[in-house]
Amino acid sequence: MTTNSAINSAIAGQTGIKQGLQLCKVCGNHSPYKTEMTHCPVCLSRISVRTKNSLQKTWAFLITAAIFIFPANLYPITYLLKNNIRYPDTIFSGILSLIESDMLMIAIIVFIASIVVPIFKIMALTFILLAIQYRWHFSHRKQLWIFNTVDWIGKWSILDLFVISIMVAVFDKGQLLSVYPGIAASSFTIVVLTTLFAANSFDTRLIWDAKK
């Protein structure tokens, strides 16, 4: 009964803290803010008014991703060994090879998943964090939309390694061809994981706290 009255009395455009409410991020239930309340009364998940050290954790993961995005794109992601000769392939050279092999659609998928998506995620999250810290006059709803977009497309970032595995599987087995991962494969995996962790550690309620 208390929860229903809390929901009905919620005022749009004001933070939950100002209204004495807290939100469960699992089931979406609104509860009256009480310091002794540590679990949601509906789904029993742990709740808090704000995620502790959310900005610091997000920045840490984001900076790590920004560092590893360079070796992920500049160094070889695979080495093809044929007749005892090793042929390195970066992500970009692999895309060009796909285009030359008349696999344009796969090349587009690899380009979007490997280059566009990671860079977009890093830039978008950086923009949101700076907007919060420096209280930029930018629509909070648009910030939330950008974050939700980043959070959704981030789950498809691993698609590049999946496509590479498909490419290896369709190689002519009669050519005695061996494929080995390069340093860029590990770097790209780190970028994927750290951007996912950055989005997961970010508390979207901070966007509304920064509203003046």
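Read-outs throughout are calculated quantities, based only on the coordinates presented, and are distinct from any laboratory measurement. Every value quoted in this text rests on a predicted model; they were computed, and no experiment measured them. Every residue, glycine among them, receives a Cβ derived from its backbone with ideal geometry; neighbour counts consider all protein chains shown.
Using the Cβ atoms and a cut-off under 11 Å, what net charge is assigned to the surroundings of LEU80, where Lys and Arg are +1 and Asp and Glu are -1?
Working: positive: LYS82, ARG86; negative: ASP89.
Taking every Cβ under 11 Å from that of LEU80, the sum is +1.
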Next item on the list: Using the Karplus curve 6.51 cos²θ - 1.76 cosθ + 1.60 with θ = phi - 60°, work out ³J(HN,Hα) for each residue of segment 66-72 in order, rounded to whole Hz, and write x for Gly and Pro.
Entry: 5, 6, 7, 5, 6, x, 5
Notebook entry, point to check: Which cross-chain or sequence-distant (5 or more) residues have an amide H under 5 Å from the amide H of THR90, H modelled 1.01 Å from N in plane?
Noted result: ILE77
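Between LEU144 and ALA60, what is 0.36 nm times their sequence separation minus the Cα-Cα distance? Round to one decimal in nm. Let's see the in-between values first.
Details: separation 84, 0.36 × 84 = 30.24 nm, distance 2.05 nm.
So the chain would gain 28.2 nm between LEU144 and ALA60.
Report the extension gain between SER186 and ILE112 in nm, rounded to one decimal, defined as 0.36 nm multiplied by the number of residues separating them, less their alpha carbon distance.
The span from SER186 to ILE112 would gain 24.8 nm if fully extended.
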Check: Distance from the Cα centre of segment 51-112 to that of segment 183-212, in angstrom?
Finding: 18 Å
Item checked: chymotrypsin sites (Phe, Trp or Tyr not before Pro) restricted to segment 105-149 and DSSP loop, no more than 16 other C-beta within 10 Å -> TYR134, TRP136, PHE138
Margin query: I need the per residue convex hull volume for segment 54-209, using only the alpha carbons, in cubic angstrom as a whole number.
Written below: 104 Å³
Check: Roughly speaking, what is the stretch gain from SER97 to PHE70, that is 0.36 nm per residue apart minus the C-alpha to C-alpha distance, in nm to one decimal?
Finding: 7.6 nm
